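Below is one structure, written out as structure tokens; comments come after it.
The values are calculated or read from the model by the stated rules, or taken from the named source; none is laboratory data. Quick caveat: nothing in here was measured; it's all calculated off a predicted structure. Because the Cβ atoms are built from the backbone with ideal geometry, glycine has one as well, and the counts that use them run over all protein chains shown. Areas reflect the complete protein model, heavy atoms only, side chains present, ligands, DNA and RNA absent. Shrake-Rupley method; radii C 1.70, N 1.55, O 1.52, S 1.80 Å.
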Amino acid sequence: MEFQPYWVSVAATPLVIRWLLIHAQTAKARRVAGAVIFRASGLVCSYAFSCALALACVIGGWNQDARTLTTVIGTCWFLFSLWLWPATVVLDRNGITSKHIWRPTRFTPYSEVDYVTRMADREVIIYGKDNLLDIKVSQYHVGADELEAELRKRGVTYYKPLSGRQPGIV
């Protein structure tokens, strides 16, 4: 039996992804010029690697005369990775901003935040008053406890869900 190098990637990929997700949960937010930046660094690395593999699928298939099939599969894979790409959440003196690489930027001033809640899966949802869009911070963003502390310092009401969708005050 001949050694196939792709088995190394099959064995190493789950370990690398698990390390990235653990790093994202234990890392601290970055502070820059009065702003606190919460990134999903583990997911960004995973999705960037996934985009690179999708492009390699398209290029490799193109060179092996499987142009139509690999182009469609690689393009769908690439677009799906971009669709799932996580946003970066920034807290500054004006409010909360959710920046994304291709979606529109969402901004909510602190005065327009109705309340914030942390769900059972550690996802944080920032609800705006009236018709403002909600900002979701996934469980894989760095510094979930730090986010809660920063929002409380800025006078934002923070709730903990009791069961299901009903928020309860902490």
*Residue identified as open to solvent by 60 Å² or more (accessible area, probe 1.4 Å) and assigned to a helix (DSSP H, G or I) among 43, 53*: 53
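Restricting to region 123-151, count the residues that are in contact (Cβ under 8 Å) with a residue 60 or more places away in the chain and outside any helix (DSSP H, G or I). Walk me through it before giving the result.
Going residue by residue through region 123-151, those that are in contact (Cβ under 8 Å) with a residue 60 or more places away in the chain are 137-144, 146-147, 150-151.
Filter again for outside any helix (DSSP H, G or I), leaving 137-143.
Residues flagged as in contact (Cβ under 8 Å) with a residue 60 or more places away in the chain and outside any helix (DSSP H, G or I) within region 123-151 amount to 7.
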*Pairs, please: C-beta under 7 Å, at least 6 apart or cross-chain, first residue without any contact (Cβ under 8 Å) to a residue 40 or more places away in the chain and in region 59-83, second among the aromatic types (Phe, Trp, Tyr) and loosely packed, with under 15 Cβ neighbours inside 10 Å?*
70/62; 71/62; 82/102
*Restricted to region 108-141, and to residues that are among the charged types (D, E, K, R) and touching a helix residue (DSSP H, G or I) at 6+ places or on another chain (Cβ under 8 Å), which residue is surrounded by the fewest Cβ atoms within 10 Å (Cβ to Cβ)?*
130
*Residues that are in a loop (DSSP other than H, G, I, E, B) and without any contact (Cβ under 8 Å) to a residue 12 or more places away in the chain, drawn from region 84-110*: 104, 105
_Looking at 73, 96 in this structure, which one is over 20 Å from residue 140 (Cβ atoms) and modelled with pLDDT of 85 or more?_
73
